[in-house]
Amino acid sequence: MKYEVIIVRYGEIGLKAKATKRIFENKLINHIKSTFVKQNISNKIQIFRGRIYIYTDQIKQSIIVLQKIFGITSISPAVKTSSKIDSMVTLAIYISKDNISKKNSFALRVSRTGTHSFTSQDIAIKLGNEIVNTTGASVNLTNPNFELYIEIRDKDAYFFIEKIRGIGGLPYGSQGKVLALIDKKQSILASWYMLRRGCKIVFSTNNQSLQKDITSFSNNWHLNNSEILLISNNDIETIANKYKYEAVVTGNNIEDFSEIEKLKTKIKLPILTPLISMNEKEILEKTKEIGLHI
């Protein structure tokens, strides 16, 4: 099956009020666009009813990039056709011939948005019967060998066979600007958690050897044009106040509680400690998961 479009889904954005939702959608789309430009991926982006559709001939490369863009919950490479029943039947048969044999079982997962002369169940029954007649396979809605997803949206229908998990959270830069104090690699993990909440991070460190790790992390997570400040501990308060950051994030956990208290005496801004409840084992596992190695 030759894919022509990628369906991008988001989670928390959809819960926002209409005006806020539009702002967040634009933040996400602009981040995708700027990242694709940097990665030399040609594309055309459309948004419709809570979905972002990316048309590109670089499907595999696009999927790798999209999996590391904050705010995306899942993605699906898809084939688009008309929502006319005959068109959907033709595509369903075409896909089933390549993916289903007589020994297999299958299930259709149909959803529908818009005004149509049919229901989602009508389409599932119609297409399911056509696939059974074509392949001889059986229907198994509980534990099928093959699943075919169909999203019907007004005049269009999108066929796909997988939902690839994204990183979720909120779009990069949709929340406040936070200063990250990077004194060890696990501090980068703390920054990752704030990035997932939509914060724009400015990295600061007094350790030149950590600059390479920060740069690698920023590139890996597509933080286009992220800032890295090389400062001493004595400069933290001055920098934090001068540039009016909304908070400071550190990689301290409960074992570093005294260090957190000392920092609070130097900085009037809120101190964010997303790793506060994590033990060393949990921190190690999570840093590896996001591509860091302590």
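Of everything in the stretch 275-294 that is in a loop (DSSP other than H, G, I, E, B) and hydrophobic (A, V, I, L, M, F, W, C), the residue that is nearest to the chain's Cα centre (by Cα) is I290. Filtering the stretch 186-208 down to residues that are free of Cβ contacts under 8 Å to residues at least 40 places away in the same chain and farther than 12 Å from G176 by Cα, which residue is surrounded by the fewest Cβ atoms within 10 Å (Cβ to Cβ)? Only one residue fits best here, namely Q208. Take the residues in the stretch 72-123 that are assigned to a strand (DSSP E or B) and among the polar types (S, T, N, Q), then tell me which one is surrounded by the most Cβ atoms within 10 Å (Cβ to Cβ). Restricting to residues being assigned to a strand (DSSP E or B) and among the polar types (S, T, N, Q), the top hit is S76. Confirm whether L127 is under 22 Å from the mean Cα position of the chain (by Cα), at pLDDT 95 or above, farther than 21 Å from V65 by Cβ and assigned to a helix (DSSP H, G or I). No. Annotation: of all residues in the stretch 44-56 being farther than 14 Å from K80 by Cβ and modelled with pLDDT under 95, the one that is surrounded by the fewest Cβ atoms within 10 Å (Cβ to Cβ) is R49. State yes or no: is G136 under 30 Å from the mean Cα position of the chain (by Cα) and at positive phi? No; evaluated as a whole, the condition is false for this residue.
Test I29 against the criterion of being in a strand (DSSP E or B) and at pLDDT 95 or above, and give yes or no. So I29 does not fit the description; no.
The values are calculated or read from the model by the stated rules, or taken from the named source; none is laboratory data. Model, not experiment: these values are computed from the prediction. Every residue, glycine as well, gets a Cβ built from its backbone with ideal geometry; the counts of neighbours run over all protein chains shown.
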